[in-house]
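Asks: First the structure, then my questions, so here it is.
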Amino acid sequence: MVIDYECEGANGYSIAKYKPIRLRTQLTFATDLIVGGALDLKWSLAYRDGWFSSPGFYAEGAQMNVLGNVQVTGAWQGILQPTGTNVIKDKLRADDQLPLLSGIADRNLIDRAGVIRIEPKDIVVDFAPPNGEATVNNGNDEDNPRDHVITYVGGWTEFNDRLSSEHHIHNDFHETSSQGDTAELKFTGTGVQYIGPHDREGGPVKIYLDDVLRAVEDPSRDANDDPVNEVRNGGFTLWKSPQNLPYGQHTIKIENASDKKAWLDAFRVTTNTAAVPTDFHRATCKIVSAPVSIEVTVKEKPGSSPSSTPSTPNPTPTTPAPTPTNSTTQPGQNNDNGNHNPGTNNDRTTADRLVIVNGNTTTTTTATPTAKPSTGPTATNYVAAQVKKTPFGGVPSGEAPEPSRQPYALMAGGSVLLLGSVAGGLVMRRRRAAHAGNRR
């Protein structure tokens, strides 16, 4: 699947801040997919028009991070996100071309069969600056386009190919003897330093950070404010800004504050990665070619081939099953102390799970007879208990009698005996009364 993207930044710090960047990408994956296999996405990337550019001056170790998005619909739903990281080994200057990753990848296991649709979505590209320092020396518009260089205003003179014993950065420096001459740099970072020589012929230099006067330094005096007896001894840090500036673009400017000599060897930009938001330099890439998608059928995993040798069936066990014993306390039954034991779903028997009344589970207490051989299927009857709830302190009441053993005959026999007893009593009394009368 060949897809063209156009990448833009959300702010002036983006790696695509000057114009949209065009990418040509190719997404590949296998189409003979089976359950248990993997959907292995591989996404190659290349510049088509323009390139991502470094947003500032950085030490070695910056990173390019790319995150792709692929939507999967159909038999299973989700977003796959191929990723990749490219570590840049060289130092970077502002506007240097950033090397693009050759590709990103993602791998996911397939757990079910069916038809799935694979559709690529946006790609996100982030730039992560490294911790460290980057020195900004001389240069020109050819080396650093769009004025990302030190801007000298006034009668500055450039001195090149100096002796290494003078310790100048890159063996060169700039010098002026005119009051009011300035040198300025715009940078992106969290701190900056002013580098120059110690020289007994120097005069005071004003230092501005973001248009605010921050310090006045004199290269003719040392850190203890004592005069120096040196000539063009370069490479000293004459001033250092706070190193916790908000990450972003800042401006440093030096100004010759007298008619004595002033020098600039270099500026040194520092960056603290912890202060850089993840999406600060982000570029978001959207599809500009015709939307593409593809449907893939995931097949069931083929079964194993049958063995040529038939397997021997397992012998039927002859040991009879042991006689079950009654538990002293079943789920939903009172225990020996009279306390109710509600039990758990894991404890419930098959009958407990099947007998449902108005959404509530009604348990049944039954006696378990000794297991006997059976020649046919067993029918299971579920009946309600005599009482729904045993009173506190009572004993289990057992089951209600079976329907075929109703106590009507017993009750009728008892009634006959009672009536016979009453009739016999009356006869006895009459005889006694008659006998008493005869005595009289």
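Asks: When only residues in segment 10-26 that are touching a Cys at 6+ places or on another chain (Cβ under 8 Å) and not in a loop (DSSP other than H, G, I, E, B) count, which is surrounded by the fewest Cβ atoms within 10 Å (Cβ to Cβ)?
Replies: That would be ARG22.
Asks: Does segment 256-263 contain at least one residue that is outside any loop (DSSP other than H, G, I, E, B) and either basic (Lys, Arg) or free of Cβ contacts under 8 Å to residues at least 12 places away in the same chain (or both)?
Replies: yes
This table checks each residue for (1) crowded, with 17+ Cβ neighbours inside 10 Å; (2) assigned to a loop (DSSP other than H, G, I, E, B).
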| residue | (1), (2) |
| --- | --- |
| VAL231 | no, yes |
| GLY234 | yes, no |
| LEU238 | yes, no |
| ASN244 | no, yes |
| ARG268 | yes, no |
| ASP279 | no, yes |
| CYS285 | yes, no |
| ALA290 | no, yes |
| THR297 | no, no |
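Asks: Quick check on my filter: what residues within segment 177-236 are in contact (Cβ under 8 Å) with a residue 60 or more places away in the chain and of a type in the set (S, T, N, Q)?
Replies: SER177, SER178, GLN179, THR182, THR188, THR190, GLN193, ASN233, listed by residue number.
Asks: Residues of segment 189-229 being surrounded by fewer than 16 Cβ atoms within 10 Å (Cβ to Cβ), of a type in the set (D, E, K, R) and not in a strand (DSSP E or B), which ones?
Replies: ARG200, GLU201, ASP210, ASP211, ASP222, ASP225, ASP226
Residue-by-condition table, conditions (1) assigned by TED's automatic domain parsing to the domain that holds PRO55; (2) of a type in the set (Asp, Glu):
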{"position": "LEU238", "(1), (2)": "no, no"}
{"position": "PHE267", "(1), (2)": "no, no"}
{"position": "VAL288", "(1), (2)": "yes, no"}
{"position": "GLU295", "(1), (2)": "yes, yes"}
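Asks: Further, regarding this structure: For segment 171-188, give me each residue that is of a type in the set (D, E, K, R) and assigned to a strand (DSSP E or B).
Replies: Listed by number, the residues that qualify are GLU175, GLU184, LYS186.
Asks: Follow-up. Please state which of the following conditions GLY248 fails to meet, knowing it meets all the rest: (1) closer than 30 Å to PHE280 by Cα; (2) at pLDDT 95 or above; (3) out of contact with any Gly (no Cβ under 6 Å at 6 or more places or on another chain).
Replies: Single failed check for GLY248: (2).
Asks: Another question, if that's okay. Can you find, within segment 287-309, the residue that is nearest to LEU23 (Cα to Cα) among those that are modelled with pLDDT under 80 and of a type in the set (Gly, Ala, Ser)?
Replies: GLY303
Asks: List the strands (runs of 3 or more DSSP E) that sit entirely inside segment 64-166 and contain at least 3 residues that are on the phi < 0 side of the Ramachandran plot and either among the acidic types (Asp, Glu) or modelled with pLDDT of 85 or more (or both).
Replies: Because the criterion is at least 3 residues that are on the phi < 0 side of the Ramachandran plot and either among the acidic types (Asp, Glu) or modelled with pLDDT of 85 or more (or both), the strands (runs of 3 or more DSSP E) in segment 64-166 that meet it are 83-88, 103-109, 114-128, 132-136, 151-153, 157-159.
Asks: Restricting segment 152-167 to residues that are closer than 21 Å to LYS253 by Cβ and buried (at least 16 other Cβ atoms within 10 Å of the Cβ), which is farthest from the chain's Cα centre (by Cα)?
Replies: Looking at residues that are closer than 21 Å to LYS253 by Cβ and buried (at least 16 other Cβ atoms within 10 Å of the Cβ), I get TRP156.
Asks: Quick test for you: out of PHE57, PHE29, pick the one residue that is assigned by TED's automatic domain parsing to the domain that holds SER293, surrounded by 15 or more Cβ atoms within 10 Å (Cβ to Cβ), more than 27 Å from the chain's Cα centre (by Cα) and not aliphatic (A, V, I, L, M).
Replies: PHE57
Asks: Which members of segment 46-63 meet the condition of being out of contact with any Lys or Arg (no Cβ under 7 Å at 6 or more places or on another chain) and in a loop (DSSP other than H, G, I, E, B)?
Replies: Matches in segment 46-63: TRP51, PHE52, PRO55, GLY56, GLY61.
The values are calculated or read from the model by the stated rules, or taken from the named source; none is laboratory data. Every value quoted in this text rests on a predicted model; they were computed, and no experiment measured them. Note that each Cβ is placed from the backbone with ideal geometry, even for glycine, and that neighbours are counted across all protein chains shown.
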